[in-house]
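Novice: Shown below is the structure under consideration.
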Amino acid sequence: MATAKKAATKKPAAKKSSVKVAAAKTTKPKNVGFFSKKYDGDENILNFFKSPAFVGSLVAEIIGVFLLTIVILTTQASPLYALFGLLGISLAVYAFSGAHINPVITVGALVTRRISSIRAIFYLIAQVLGALLGYVVLSAFIGGAASVSPEAAAYGQAAPELWKIAVLPEGKEWFIFFVELLGAGIIGLFFARALKYKKSVFTFAITAGAGLFIALLLALTVAQWIGGGFALNPALAIALQAFSGDAHLGWALLVYVVAPLVGGIVGFWINDLIVLSGADQD
């Protein structure tokens, strides 16, 4: 009888624990929303440089943008080469910095509270330095190329030169603006979606690379139609001196800086809308 009573008293406890498990399953996840805090709140200027991991992340961003700049310039922004280039670069640096490799991604992650403002500022500086370094290194190699003889020039042979952003066509600036906006939006959306697969670095890299491929394909096609240029990366635009020469400074800043940064933010926001709507199901 005593044994039976003990067994009877244990059954309600089992039910109680099952209720707790059910309640745990139905608990809503924290930090849901556009501006929710999703990064380490202890990140600040006082402790950043005490961490070797942070310094390593900056070096990774410099190297990543440096390599991507080389890929873009040597292949004249070929979408296919950019896809494979970003795939390899992401696999190499993701563990260190998250493989932003573009101010579009960093600003989008900042506005949607995925990284701190301090980290974002230093990432942006590192990305510009990486792009400038890539341009300088390739320019040095171009400077060492043999000059083209008059006979060879007569047969159409030209001296090697780096790919450049075409001058903004007068009267068609808004076309390039929206190409940069839409292209960066695609890059931002695909990167934000790729974060879902961050436990599988290859899946993350191929998803982010696919976004760059589609964005470059769109930008390259439209640029050929209207005779304009594109960058889809403010750091690359700075390295290629898109704000000098015949380009109007105001238009150049609007097209090559404002448009892609806004596009990247919109891409991250669209991803968050998908998540908040509940349509993002495993």
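Novice: Taking the Cβ of Gly209 as the center, what net charge do the other residues with Cβ under 15 Å away carry, scoring Lys and Arg +1 and Asp and Glu -1?
Specialist: Details: positive: Arg193, Lys198; negative: none.
Neighbourhood net charge equals +2.
Novice: Compute the Rg/Rh shape ratio of the stretch 211-278: radius of gyration over Kirkwood radius, all on alpha-carbon atoms.
Specialist: Numbers: Rg = 14.2 Å, Rh = 13.4 Å.
Using Cα coordinates only, the ratio equals 1.06.
Novice: What is the ratio of the Cα radius of gyration of the stretch 180-229 to 2.2 N^0.38 Å, with N the residue count, to two decimals? Numbers along the way, then the final one.
Specialist: Numbers: Rg = 12.5 Å, N = 50, 2.2 N^0.38 = 9.7 Å.
Computed over Cα atoms of the stretch 180-229, the ratio equals 1.29.
Novice: How big is the stretch 41-277 by the Kirkwood estimate over distinct Cα pairs, in Å?
Specialist: 18.3
Novice: With +1 on each Lys and Arg Cβ and -1 on each Asp and Glu Cβ, and nothing else charged, work out how big the dipole of the stretch 41-277 is about its Cα centre, in Debye to the nearest 20.
Specialist: Working: 10 positive and 10 negative charges, 160 e Å.
Roughly 760 debye for the stretch 41-277.
Novice: Sorted from largest down, give the three principal axis spans of the alpha carbons of the stretch 86-129, whole angstrom values.
Specialist: Cα extents, longest axis first: 27, 22, 16 Å.
Novice: By what distance, in whole Å, do the Cα atoms of the stretch 167-282 stretch along each of the three principal axes, largest value first?
Specialist: 50, 27, 24
Novice: Okay, next question. Select from Ile70, Val128, Val266 the residue farthest towards the positive end of the dipole of the stretch 41-277; place +1 on Cβ of Lys and Arg, -1 on Cβ of Asp and Glu, and compute about the Cα centre.
Specialist: Of the listed residues, the answer is Val266.
Novice: Evaluate the distance, in nm, between pseudo-label points positioned 7 Å from the Cα of Ser277 and of Ser117 along their respective Cα→Cβ axes.
Specialist: 3.2
Any read-out appearing in this document is the output of simple, stated calculations on the displayed coordinates, not a laboratory observation. Keep in mind it's a predicted model, so treat the numbers as computed, not measured. Here the Cβ is made from the backbone with ideal geometry for all residues, glycine too, and neighbour counts use every protein chain on show.
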